[in-house]
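Read-outs: derived from the displayed coordinates by stated rules, not from any lab. The structure presented is a predicted model; accordingly, all values stated were derived computationally and were not measured. Here the Cβ is made from the backbone with ideal geometry for all residues, glycine too, and neighbour counts use every protein chain on show.
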Amino acid sequence: MSREDYEAVIGLEVHAELSTKTKIFCSCANEFGGEPNTNICPVCTAMPGALPVLNEKVVEYAVKAGLATNCSISKDSKNDRKNYFYPDTPKAYQISQYDKPLCENGHVEIETSDGNKKVIRIERIHIEDDAGKLNHDDFGGESLVDLNRAGVPLIETVSKPDMRSAEEAEQYLRKLKSIFEYIEVSDCKMQEGSLRADVNVSVRKKGDPLGTRTEMKNMNSFRSIVRAINYEIERQIDLIEDGRTGRARKLKVG
Amino acid sequence: MNITELTVHELQEKLKNKELTISEITKAYVDRINEKEKDVQAFVTTLTEEATKQSEEIEEKINSGEIKGEFAGIPIGIKDNMCTKGVKTTCSSKMLENFIAPYDATAVKKINEENIINLGKLNMDEFAMGGSTEHSYFHKTYNPWNLNKVPGGSSGGSAAAVAANMVPWALGSDTGGSIRQPASFCGVVGLKPTYGLVSRYGLVAFASSLDQIGPITKDVRDSAMLLNIITGHDEMDTTSANIEKKDYTKALKKDVKGMKIGVPKEFYGEGVQPEVEEKIKAALEEYKKLGAEIVEISLDVAEYSLATYYIIACAEASSNLGRFDGVRYTHRAKDYNGLWDLYKKSRSEAFGDEVKRRIILGTYVLSSGYYDAYYKKAQQVRTLVMNKFNEAFGKCDVIITPTSPTTAFDIGGKLNDPLSMYKADICTVSVNITGLPGISVPCGVDNDGMPIGMQIIGNRFEEEKILNAAYAYEQVEKFRENHKPTFKK
Ligand SMILES: [Zn+2]
């Protein structure tokens, strides 16, 4: 079969750090950088007994993002705990939104280089807190934890799997970036990690049901996203041509 | 005059009349702790030296007019699951053996603002899980009425310290009965306020939707006074109720004219120690004389409360205790091989059996595939129990039940039988599930001289009614005049 008989199915989960003055659940400044563990308090370091208080501005910014991407805004929304153990997550859970996100069923329009316009649907936008950072270098085999970023507010925008090429994925991400920058909810500095994407890719013969997908996490440049998607499409087609289906795999980049 | 036998309002009176000084009061308590702590072992950390120093400072400031305050210089004890800046907060766990909180819990802050003196941190079941204080990592606490018996739990250190006159009053916390049941076992007054009345900020979370801080005191007036101090809206706790602050001592009236007292038949009979039922029935007769009307009510969902409680409490605990992972302020295993081994070894070494049991239960009921069958269902039953109580409060002002089906049990008696330990919570857990306020007041003693507790439950934010009912009864029962702990072995 020729490569033209295949199509890629691509969906993006885009994390944008909100540019509110303070963190999502405490009054620490929402700033990038700083000496490790200097911008912290009992709440964002999950001291025993500390409790989260939701920053109203975070809700306001997320609703703005929802309105700017044609979402409907839920009047009844709640936060949920996502429990897992990892040293960058001091509470041992992320406070995210599971079954009642703030924003749902939106869309944005993109334009590709050949002038075609296409609507990419947005499943949901929800609010959550960012994790701290682990530093693995030069500490004699030990890792160090920096919690300055813990509690930075994020919105996660989940698209439907509506993109069919790396170019469409890139255009979609550029569109989101320009919207979030324009409405001033996020500075979207990809090199600082304030805009980053998890990319889901699967390949199928045109007309077939969805194939097995792979997830590439934490991509934070357009170039790497385009290269990774193109590489992944080729790899999956090769696997199918070889008679093997694509095994699910997770790649963590950056 | 025996200073440590006095209530706080009596101490205030003596201070006002200059019959006593602040440093005399603190000294009396320090002496009492030195005398009785070896038998009772109510404390995890004593602060006798710090308290002595503090009492002198406060006395000076009062004499120079720098500070005033009706509670300045009164001592207190604080359950060891409330964060106290600069002083260890262990939750009676090896996990937090050396944890010193960098901040004060809101309730503690309010205590400090009154210049009340902290005599120490009080023993408890590890992470407040248990009903006997036998699950403390450090040591057991012994019931001052009979040192072979448990003081109840989880606030067993708080109740025993008040009963033994080692502190004039104490703060406890109540997730399923942890203030009321030990108060009942130790012959003191324990109040669990309405969920949201007292800020939980700085209370180490066990089950966030059930936990409340409350007073453990010698009498009902002290209970109302301590409640006055610790209530108030707190921006640091979003579940803290934004309601007007009240003076609860105004509710302390000697009669209960026109009050309707609901008596739910499901809380009496089988499983209840005969003397407990007798004494509470006798108390109901007293209430009639004081002007109340007794109404029989039904709370037939109460029997499901226990299972519902354990599912919800364990589920929340399994998530809340995740942060004790060996990475930061907790115990960390000495030798480990990578991150997962660090987690596994640190948690295996530092959590006690009861805590592990509940984390495992909680993780199970939250896991995918079981969530709907257990956790979701428990939340639905919780709504049914709330509806039933709402219905009941259409017919009565307060509800009276035993606080515990029995008086204090023997040390070691239920330690190897978790289910029977859980069953002892049958009368108290509905109050936490529904978020209602409940108070336990002493109601005579059983044939062995062990105190009996009567529980008075009120509607949401109607602490005044239960305080009124408790106070009126206390005035005729005169428990403190008739009964004293014997410290017998
Ligand atoms: Zn913070």
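Full extension of the chain between B:Lys250 and B:Glu285 yields a length gain of 10.1 nm, computed as 0.36 nm times the residue separation minus the alpha carbon distance. In summary, the aspartates and glutamates within cross-link reach of B:Lys18, defined as a Cα separation below 14 angstrom excluding same-chain residues under 8 places away, comprise B:Glu10, B:Glu59, B:Glu70.
When each of the peptides B:340-347, B:131-138, B:94-101 is scored by the mean number of other C-beta atoms lying within 10 Å of its residues, the order from highest to lowest reads B:131-138, B:94-101, B:340-347. Placing dummy labels 7 Å off each Cα toward the beta-carbon, the span from B:Lys489 to B:Lys16 is 4.3 nm. Per-residue mean of foreign Cβ neighbours for B:228-239 is 2 (Cβ atoms of other chains, 10 Å radius). Couplings for the stretch B:439-447, taken from phi via the Karplus curve 6.51 cos²θ - 1.76 cosθ + 1.60 with θ = phi - 60°, read 10, 10, 10, x, 9, x, 10, 8, 5 Hz in order; Gly and Pro are left as x.
Amide H contacts for B:Met454 (H built 1.01 Å from N in the peptide plane; partners 5 or more residues away or on another chain; cut-off under 5 Å): B:Thr403, B:Val441, B:Cys443. Semi-axis lengths, largest first, of the ellipsoid equivalent to the stretch A:3-252 are 33, 22, 16 Å, with √(5λ) applied to each eigenvalue of the Cα gyration tensor.
Note on B:Tyr371 and A:Asp242: the model spin-label points, each 7 Å out from Cα along the C-beta direction, lie 3.7 nm apart. For the stretch A:78-92, the residues whose amide N sits under 18 Å from a probe point set 7 Å from the Cα of B:Thr383 along the beta carbon direction are A:78-79.
Among the listed pairs B:Lys79/B:Lys484; A:Lys23/B:Lys140; A:Lys91/B:Lys85; A:Lys57/A:Lys217; B:Lys395/B:Lys423; B:Lys140/B:Lys465, those with a Cα-Cα distance over 31 Å are A:Lys23/B:Lys140; B:Lys140/B:Lys465. Cβ-Cβ distance of A:Leu144 and B:Asp353, R₀ of 25 Å, FRET efficiency by 1/(1 + (r/R0)^6): the value works out to about 0.15. Check cross-link reach from B:Lys377 to the aspartates and glutamates: straight Cα distance under 19 Å, and skip same-chain residues fewer than eight apart. B:Lys377 reaches A:Asp80, A:Asp99, B:Asp300, B:Glu303, B:Glu316. Counting only chymotrypsin sites (Phe, Trp or Tyr not before Pro) that DSSP places in a loop and that have at most 10 other Cβ atoms within 10 Å, the longest clean stretch of chain A runs over A:140-254. Computed from the C-beta positions of A:Ala29 and B:Glu278 and an R0 of 60 Å, the FRET efficiency is 0.40 to the nearest 0.05. Extending 7 Å from the Cα toward the beta-carbon at both A:Asp99 and B:Asn242 defines two label points whose distance is 2.8 nm. Each Lys or Arg adds one and each Asp or Glu subtracts one; over the other residues with Cβ under 10 Å from the Cβ of A:Lys118, this totals -2. Which percent of the Cα-Cα distances in the protein assembly as shown go past 38 Å? The calculated P(r) of the protein assembly as shown puts 44 percent of pairs beyond 38 Å. I need the calculated FRET efficiency for the pair B:Asn112 and B:Arg332, taking r as the beta carbon distance and R₀ as 41 Å, to the nearest 0.05. About 0.85, to the nearest 0.05. For the stretch B:352-367, 3J(HN,Hα) computed residue by residue from phi via the Karplus equation (6.51, -1.76, 1.60; θ = phi - 60°) reads x, 4, 5, 5, 4, 4, 6, 5, 5, 4, x, 5, 4, 6, 9, 6 Hz, glycine and proline entered as x. Note on A:87-95: average number of Cβ atoms from other chains within 10 Å of each residue's Cβ is 4. Listed by chain and number, the aspartates and glutamates whose alpha-carbon sits under 12 Å from that of B:Lys61, ignoring those within fewer than 8 places in the same chain, form an empty set.
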